[in-house]
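Notes to accompany the following structure.
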Amino acid sequence: MTELIEQPPLTLAAEARAALGKRNLVLIGLMGAGKSAIGRMTAQALGIPFVDSDHEIERVSRMSIPDLFATYGEAEFRALETRVIKRLLRSGPRVVSTGGGAYINENTRRHIKRGGLTVWLKADLDVLWERVSKRDTRPLLKTENPRQTLENLMNTRYPIYAEAEVTVISRDVRKETMVDEVLAAIAATRKT
Ligand SMILES: Nc1ncnc2c1ncn2[C@@H]1O[C@H](COP(=O)(O)OP(=O)(O)OP(=O)(O)O)[C@@H](O)[C@H]1O
Ligand SMILES: O=C(O)C1=C[C@@H](O)[C@@H](O)[C@H](O)C1
Ligand SMILES: [Mg+2]
């Protein structure tokens, strides 16, 4: 007689991990959405490596992002960003947190779409502004009215970020809650 052994239910992280398979998890969204912070914690929960494209760019160029923008300009920065992200996506599964403009660049977006499951951390202007106004390390926000600049970026970029397979609303809740929502959204991609 065969005995039915009941399996314990998978944890949320295990379900998400199974849904991800060999794919990378790529986090996209505007500055301050939480890609780096939530990405790192999500990788830990999934038990896979974490990489942040902004950090990797700074490591390989041995320059800070503000210095790269000031010395070489945005176009050169974007070309470097494309190369770095293409390489980071090569050996999955990993969590890859991207810089805010990465997915907006057509070339980089093509690599990201091929290279993994994309999650857009979508936040409203007040949440983003509250977070980014604490530090002035973002070259694109060095304008006369940075809040307005951020709003303009939302208007132009949100229709493009919306191409992501998964959207999770980023807001001021505990980071652990955000991670659980990201995991649940990944797990749900297998059920739909
Ligand atoms: N759910 C949250 N609640 C409170 N603070 C948060 C939350 N998520 C992120 N933060 C904080 O907001 C700030 C910005 O987050 P983070 O650096 O992860 O954003 P980012 O999307 O990586 O931005 P960038 O594109 O500039 O790299 C950090 O100080 C982070 O700790
Ligand atoms: O939104 C953007 O275009 C940027 C966001 C940051 O993560 C950095 O990649 C850089 O400051 C550009
Ligand atoms: Mg970041």
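Computed from the coordinates by the stated procedures, all read-outs in this text should not be read as laboratory data. If you're wondering where the values come from, they're calculated on a predicted model, not measured in any experiment. Please note: Cβ atoms are built from the backbone with ideal geometry, for glycine as well, and neighbour counts cover all protein chains shown.
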Rg/Rh (Cα only; Kirkwood hydrodynamic radius) as it applies to the stretch 95-182: 0.96
Total charge dipole magnitude, the chain, about the Cα centre, Cβ charges on Lys, Arg, Asp, Glu only, Debye to nearest 20: 600 debye
The stretch 1-113: relative contact order as a whole-number percent, Cα under 8 Å and 6+ apart: 38 percent
DSSP H segments from the chain that extend 20 Å or more along their own axis, Cα-based, with Kyte-Doolittle mean of -0.5 or above: 65-88, 175-191
Ellipticity estimate at 222 nm from DSSP helix runs (n ≥ 4, -39,500 (n - 2.57)) divided over the chain, nearest 500: -17500 deg cm²/dmol
Difference of contour (0.36 nm per residue) and Cα-Cα distance, Arg135 to Ser61: 24.4 nm
Charge-dipole axis of the stretch 69-192 as Lys and Arg at +1 and Asp and Glu at -1 on Cβ define it, positive-most pick from Ile112, Met154, Phe69: Ile112
Shape box of the stretch 13-191 [Cα atoms, principal axes, largest first, Å]: 46, 33, 25
The chain: relative contact order in percent, alpha carbon pairs under 8 Å with at least 6 residues between: 34 percent
Trypsin sites (Lys or Arg not before Pro) within the stretch 8-46, DSSP loop, no more than 16 other Cβ atoms inside 10 Å: Lys22
Options Val166, Ala79, Thr143, ranked by Cα towards positive dipole end of the chain, top entry (Cβ charges): Ala79
Whole-Å distance, taken between Cα centres, linking the stretch 87-109 and the stretch 1-60: 15 Å
Unit charges at the beta carbon, dipole of the chain: most positive-side option, Thr42, Ser91, Trp129: Ser91
Ranked Thr189, Thr177, criterion: other C-beta atoms within 10 Å, fewest first: Thr177, Thr189
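Calculate, for Tyr158 and Glu6, the FRET efficiency according to 1/(1 + (r/R0)^6) with r their C-beta to C-beta distance and R0 45 Å; round to the nearest 0.05. Mind showing how you got there, number by number?
Working: r = 45 Å, r/R0 = 1.00.
Calculated value: 0.50.
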